[in-house]
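The values are calculated or read from the model by the stated rules, or taken from the named source; none is laboratory data. None of these values were measured; they are calculated from a predicted model. Please note: Cβ atoms are built from the backbone with ideal geometry, for glycine as well, and neighbour counts cover all protein chains shown. Quick note on the areas: whole protein, heavy atoms, side chains included, nothing else; ligands and nucleic acids left out. Shrake-Rupley method; radii C 1.70, N 1.55, O 1.52, S 1.80 Å.
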Amino acid sequence: MKHLRRRQITALATGMLLAAGISLAAPASAAAATGSARTQTPLVVNARWGGHCTYDRLVIDVKGYVPQVTVTPVAHLVYDGSGKPVPLAGKYFLEVRLHPAAGHDDAGQNVYQGPKLVKIYLPKLKGMALTGDYEGYVTFGAAFDTKPSYTSSFLHGPERFVLDVAHPNVC
């Protein structure tokens, strides 16, 4: 009788420990899922522009978080991978590179819905092109007739990268 009672108590204690272990593991896995959302590659979904009284603005919309962005003046624009020249008229160019980022999902489906190559008629910004979506980098090129003076920033809700190019007041 004592053996039977001891076995029942042992089984009950084991069940309680298992239940406690499962309930303790659930919040940890939920936290891991939240953490993995932050580590997923951000998706570049659009690029747009607008003219303002004292600056032209280029905006790159991102799903997820805004990754590291570098803006570099370059002598000319080329497509990533092929090295072919980008057919944008201008004398000055900026390369905008996001990393890590992608313009496609894990299944290889395109998620970038913005323009790939466009001529723009703003005081400073004369053209924009998507020049690459390759191995964790998404790259854009911007064309100008005169040397651009620019600042960049990040805006949230929705996530986006902003490049402002100053020009004399036109309003």
task = Identify all residues within segment 56-66 that are buried (at least 21 other Cβ atoms within 10 Å of the Cβ) and either more than 12 Å from the chain's Cα centre (by Cα) or without any contact (Cβ under 8 Å) to a residue 40 or more places away in the chain (or both); write none if there are none.
result = 56, 58
remark   = Note on residue 108: of the conditions (1) modelled with pLDDT of 95 or more; (2) outside any strand (DSSP E or B); (3) farther than 23 Å from residue 157 by Cβ, unmet is (1)
remark   = Restricting attention to segment 70-92, the residues that are touching a Lys or Arg at 6+ places or on another chain (Cβ under 9 Å), open to solvent by 70 Å² or more (accessible area, probe 1.4 Å) and in a strand (DSSP E or B) number exactly 2
query = Among the residues of segment 117-171, how many are hydrophobic (A, V, I, L, M, F, W, C), open to solvent by 10 Å² or more (accessible area, probe 1.4 Å) and under 15 Å from residue 58 (Cα atoms)?
reply = 7
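Please report, ordered by residue number, the strands (runs of 3 or more DSSP E) entirely within segment 123-171 with at least 3 residues that are farther than 20 Å from residue 101 by Cβ.
Working: elements: 125-134, 137-144, 150-155, 160-166.
By residue number, 125-134, 160-166.
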query = Cβ-Cβ below 9 Å, separation at least six or inter-chain, first residue in segment 140-166 and without any contact (Cβ under 8 Å) to a residue 12 or more places away in the chain, second of a type in the set (D, E, K, R): which pairs?
reply = 153/164
request  = Kindly provide the set of residues from segment 71-101 that are within 19 Å of residue 161 (Cα to Cα) and out of contact with any Phe, Trp or Tyr (no Cβ under 9 Å at 6 or more places or on another chain), ordered by number.
outcome  = 72
